[in-house]
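This report refers to the structure that appears directly beneath it.
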Amino acid sequence: MADFVEADNAEAIITRIEHKSRKIESLLKQYKPVEALKTALEGSPPMTKDERCKSANWIVVHRAIMAIKDVDSLFSSLDPEYYDVLMKYLYRGLSTGDRPTCDQCLRIHEKLTEKAGLGCILRSLADKVNTV
């Protein structure tokens, strides 16, 4: 079982997320949205129960998700190791109720389910330890 970081180390996690955010913005300026999404998903979800860290990481992942324009080509470049965690973030995006976010998450969800199968959905919903 993974070790979770205590709240006193949350600031260190936030600092790492801020660094990741700057890297993602740089990739997006270079028109590399898939690389930005990979970067956003690396180390996600943060190994903490601190909601500030989870929210900060969601903002970074959300930015990368919303930058994806060609959903079809996304999965030709995205490694399968990212599928389950991406599915978790898609459900988090759907839970926001924000129309553009939900639309984008549904588009990606459809293609991800085609590519990864129903097991990806089941694993993301059943995992109660590594929540996003």
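Residues being open to solvent by less than 30 Å² (accessible area, probe 1.4 Å) and outside any helix (DSSP H, G or I): count how many of those fall in the stretch 57-91.
Qualifying residue count for the region: 2.
Before we move on, is Ser44 among the small types (Gly, Ala, Ser), in a loop (DSSP other than H, G, I, E, B) and surrounded by 14 or more Cβ atoms within 10 Å (Cβ to Cβ)?
When the stated conditions are applied, Ser44 passes them.
Going by what's in this entry, would Thr15 be described as among the β-branched types (Val, Ile, Thr), in a helix (DSSP H, G or I) and within 25 Å of Asp127 (Cα to Cα)?
no
Which residues, taken from the stretch 118-132, are part of a loop (DSSP other than H, G, I, E, B) and either closer than 19 Å to Ile65 by Cβ or touching a helix residue (DSSP H, G or I) at 6+ places or on another chain (Cβ under 9 Å) (or both)?
Asp127, Asn130, Thr131, Val132 - these are the residues of the stretch 118-132 that are part of a loop (DSSP other than H, G, I, E, B) and either closer than 19 Å to Ile65 by Cβ or touching a helix residue (DSSP H, G or I) at 6+ places or on another chain (Cβ under 9 Å) (or both).
Can you report the number of residues in the stretch 101-120 which are open to solvent by 30 Å² or more (accessible area, probe 1.4 Å) and within 27 Å of Asp50 (Cα to Cα)?
1
Conditions: (1) of a type in the set (Gly, Ala, Ser); (2) within 15 Å of Cys105 (Cβ to Cβ); (3) in contact with a Leu (Cβ under 8 Å, 6 or more places away or on another chain). Ala36 meets all but one. Number of the miss?
Among (1) of a type in the set (Gly, Ala, Ser); (2) within 15 Å of Cys105 (Cβ to Cβ); (3) in contact with a Leu (Cβ under 8 Å, 6 or more places away or on another chain), the lone unmet condition for Ala36 is (2).
When the stretch 47-56 is examined, which residues are found to be polar (S, T, N, Q) and either in a helix (DSSP H, G or I) or within 14 Å of the chain's Cα centre (by Cα) (or both)?
Answer for the stretch 47-56, where residues must be polar (S, T, N, Q) and either in a helix (DSSP H, G or I) or within 14 Å of the chain's Cα centre (by Cα) (or both): just Ser55.
Would you mind telling me which numbered condition in (1) touching a strand residue (DSSP E or B) at 6+ places or on another chain (Cβ under 8 Å); (2) of a type in the set (Asp, Glu); (3) open to solvent by 60 Å² or more (accessible area, probe 1.4 Å) Asp50 fails?
For Asp50, the exception is condition (3).
Can you tell me which residue within the stretch 1-41, out of those that are of a type in the set (D, E, K, R) and modelled with pLDDT under 95, is surrounded by the most Cβ atoms within 10 Å (Cβ to Cβ)?
Here is the first cut: in the stretch 1-41, the residues of a type in the set (D, E, K, R) are 3, 6, 8, 11, 16, 18, 20, 22-23, 25, 29, 32, 35, 38.
Imposing the further condition that a residue be modelled with pLDDT under 95 reduces the set to 3, 6, 8, 11, 16.
Numbers: Asp3: 6, Glu6: 10, Asp8: 8, Glu11: 12, Arg16: 15.
For the stretch 1-41, the residue satisfying everything is Arg16.
The values are calculated or read from the model by the stated rules, or taken from the named source; none is laboratory data. Since we're looking at a predicted model, the values are computed, not measured. Cβ atoms come from the backbone with ideal geometry, glycine included; neighbour counts cover every protein chain shown. Surface areas here come from the heavy atoms of the whole protein model, side chains and all, with no ligands, DNA or RNA. Shrake-Rupley method; radii C 1.70, N 1.55, O 1.52, S 1.80 Å.
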